[in-house]
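Here, each number is a calculation from the coordinates, and none is a lab measurement. The structure displayed is predicted, hence computed values, not measured ones. Note that we place each Cβ from the backbone using ideal geometry, even for glycine, and neighbour counts take in every protein chain shown.
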Amino acid sequence: MSESFFEKEKNVRQYLEMTADYDGQWFLEQFLKHIPKEYRALELGIGPGKDLENIRQHYDVVGSDYSFVFAELYKRSHPEVKIMVLDAVSIKVKEQFDCIYTNKVLHHLPTEDLIQSLQRQSEVLSQDGLVFHTFWRGSGQDKYDDLLFNYYETNELKKFFEQHYTILCIEYYKELKENDSILVVAQKTTK
Ligand SMILES: C[S@@+](CC[C@H](N)C(=O)[O-])C[C@H]1O[C@@H](n2cnc3c(N)ncnc32)[C@H](O)[C@@H]1O
């Protein structure tokens, strides 16, 4: 199978340069506000690992990415942190987590895969488990090289999440421009 966008080292290097100034403070503040300190968390799509770096100062957390290149880069500089190569759709783990989170990752999935990922996440979560995810707001999709960007409005996201979760928070925030992004925090629904 051919390598996808972030499995290519040149794209990873370019992304690292582009995001060098990102400090992740807003994401950390929101995470601290919504996720209990004793919750054990799994991050899908760590990328350069800035969010992981911030969150692991406060939580017990395992990092992952489907890109071996990103996973290895972080692992090499942080051998003390558990890092896995995981696809956000299949999430092939045996253990359960109290929280699964992503920051601007799930928009790279085709919509059917996003729906499947949310279902798989609910299986990996412990009882009362929480998901914490961010999305680009809008409609339609873009493709950069073979990298997909899907944009969603809150009503669509609500529909996807409500199949397996009770939504605790869904709000707009500013990444680059006012209200260009959406944060969703939701709790696994008890069957
Ligand atoms: C915007 S970056 C995440 C940045 C990260 N939150 C940080 O702290 O810098 C998006 C990441 O999603 C990962 N990704 C894309 N599709 C994925 C998938 N299907 N499964 C897991 N990770 C994926 C990419 O490899 C990339 O590292």
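Of these, Ala20, Ala88, Ala71, which one is within 13 Å of the ligand (Cβ to nearest atom) and surrounded by fewer than 18 Cβ atoms within 10 Å (Cβ to Cβ)? Unique residue meeting the criteria: Ala20.
Looking only at the stretch 23-52, residues that are surrounded by fewer than 16 Cβ atoms within 10 Å (Cβ to Cβ) and not in a helix (DSSP H, G or I) come to 5 in all.
Selection of the stretch 1-22 for residues being in contact (Cβ under 8 Å) with a residue 24 or more places away in the chain and part of a loop (DSSP other than H, G, I, E, B) yields Ser4, Lys8, Thr19, Tyr22.
Condition check ((1) under 21 Å from Asp51 (Cα atoms); (2) surrounded by fewer than 17 Cβ atoms within 10 Å (Cβ to Cβ); (3) of a type in the set (A, V, I, L, M, F, W, C); (4) free of Cβ contacts under 8 Å to residues at least 12 places away in the same chain) across all residues:
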{"site": "Thr111", "(1), (2), (3), (4)": "no, yes, no, no"}
{"site": "Ser117", "(1), (2), (3), (4)": "yes, no, no, no"}
{"site": "Ser122", "(1), (2), (3), (4)": "no, no, no, no"}
{"site": "Ser126", "(1), (2), (3), (4)": "no, yes, no, no"}
{"site": "Lys159", "(1), (2), (3), (4)": "no, yes, no, yes"}
{"site": "Leu176", "(1), (2), (3), (4)": "yes, yes, yes, yes"}
{"site": "Val184", "(1), (2), (3), (4)": "yes, no, yes, no"}
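Within the stretch 128-151, at least one residue is under 19 Å from Pro36 (Cβ atoms), in contact (Cβ under 8 Å) with a residue 24 or more places away in the chain and within 14 Å of the ligand (Cβ to nearest atom).
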